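Only one structure is covered here, and it is reproduced in the block below.
Readers should treat all values here as calculations from the given coordinates under stated rules, not as data from a laboratory. Being a predicted model, the structure only gives us computed values, none of them experimental. Positions of Cβ are generated from backbone atoms using ideal geometry, with glycine treated the same way; all protein chains shown enter the neighbour counts.
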Amino acid sequence: MRLIVGLSGASGIIYGIRLLEVLQDLGIETDLVMTGMAHEMVEIETSWKTDDVLALATCCHDNADFTSVLASGGYRNRGMVVLPCSMKTVAGIACGFADNLLLRAADCTLKERRTLVLVPRETPLNRIQLKNMLTLAEAGAVILPAAPGFYHRPREIGDLVDHVVGKVLDIFGIDHHLTRRWKGHS
Ligand SMILES: Cc1cc2nc3c(=O)[nH]c(=O)nc-3n(C[C@H](O)[C@H](O)[C@H](O)COP(=O)(O)O)c2cc1C
């Protein structure tokens, strides 16, 4: 299994970093593409060095490089996750305006009918943003907001992050033990 992972410049870059860590631990190959603002967010929101984030991926792609394999729908992979997904990137994918590699890869994922999971992080949401997300859901994307649950009694920020990352893995049918599943209230 090979997954494309896109990191864009919304808050919550730690979600994307954690996903890369977990996929590496599970031995799942990843193609990583980060926007310019995603690089900024690593510095703003975490104590990670960008090189260490890049090192978590099997293969890294320059967001400006349209000669990358990710720019072709023929590139074989299981699907793509954009985590976190900014409203700008949501808008770009929703209108097919593929002016960077991440957007082009998402475009290809949709046109090839592969699984595209978008993890938006914005609040509150305006009508344009909501309409863009509806457009994407209608086009087959999975809209999976970065909105962790609390029923697993999180104690640390990492527990909240893992809850969202676990939801992403569930979409791809990847087994994990990141979070306790709800077994009913008895
Ligand atoms: C500190 C900071 C936090 C931000 N948080 C968000 C956010 O949570 N959601 C969002 O859609 N945009 C957020 N933005 C704005 C995006 O970074 C901006 O729209 C950018 O153009 C996104 O580009 P990209 O999608 O190519 O990464 C934030 C910007 C900064 C500087």
Requested in this report: With everything on Cα atoms, drop me the angle between helix 101-111 and the longest principal axis of the chain, reported from 0 to 90° to the nearest 10.
Outcome: 80 degrees
Report task. Taking the Cα centre of the range 2-171 as origin, sum charge times position over the Cβ atoms of Lys and Arg (+1) and Asp and Glu (-1), and report the length of that vector in debye to the nearest 20. Result -> 660 debye
Report task. Report relative contact order for the range 91-186 in percent, whole number only (criteria: Cα-Cα under 8 Å, sequence separation at least 6). Result -> 22 percent
Requested in this report: Can you run the Rg to Rh ratio on the range 2-171? Use alpha carbon positions and the Kirkwood inverse-distance Rh.
Outcome: 0.93
Report task. Translational diffusion coefficient, Stokes-Einstein: compute it for the range 43-122 using the Kirkwood radius over C-alpha pairs as Rh, at 37 °C and 0.692 mPa s, and state it as an integer in µm² s⁻¹. Result -> 243 µm²/s
Report summary line: Most packed first (mean Cβ within 10 Å per residue), the peptides 74-80, 150-156 order as 74-80, 150-156
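In deg cm²/dmol and to the nearest 500, what is the mean residue ellipticity at 222 nm of the chain if only DSSP H runs of at least 4 residues count, each as -39500 (n - 2.57), divided by the residue total? Please report the intermediate quantities before stating the final value.
Values: 7 runs with 74 residues, N = 186.
Counting only the DSSP helices, I get -12000 deg cm²/dmol.
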Report summary line: Amide H contacts under 5 Å for Cys60, restricted to residues at least 5 apart in sequence or on another chain and with H modeled in the peptide plane, are Leu32
Query raised in the report: Quick one: Cα centre-to-centre distance for the range 6-81 and the range 119-137, in angstrom?
Result: 22 Å
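Taking Cα pairs under 8 Å and at least six residues apart, what relative contact order does the chain come out at, in percent? Present the calculation step by step, with values, prior to reporting the outcome.
On the way: 325 pairs, mean separation 39.2, N = 186.
Result for the chain is 21 percent.
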Query - Debye intensity ratio in log₁₀ form over the Cα atoms of the range 80-172, taken at each q of 0.22 Å⁻¹ - result: -1.08
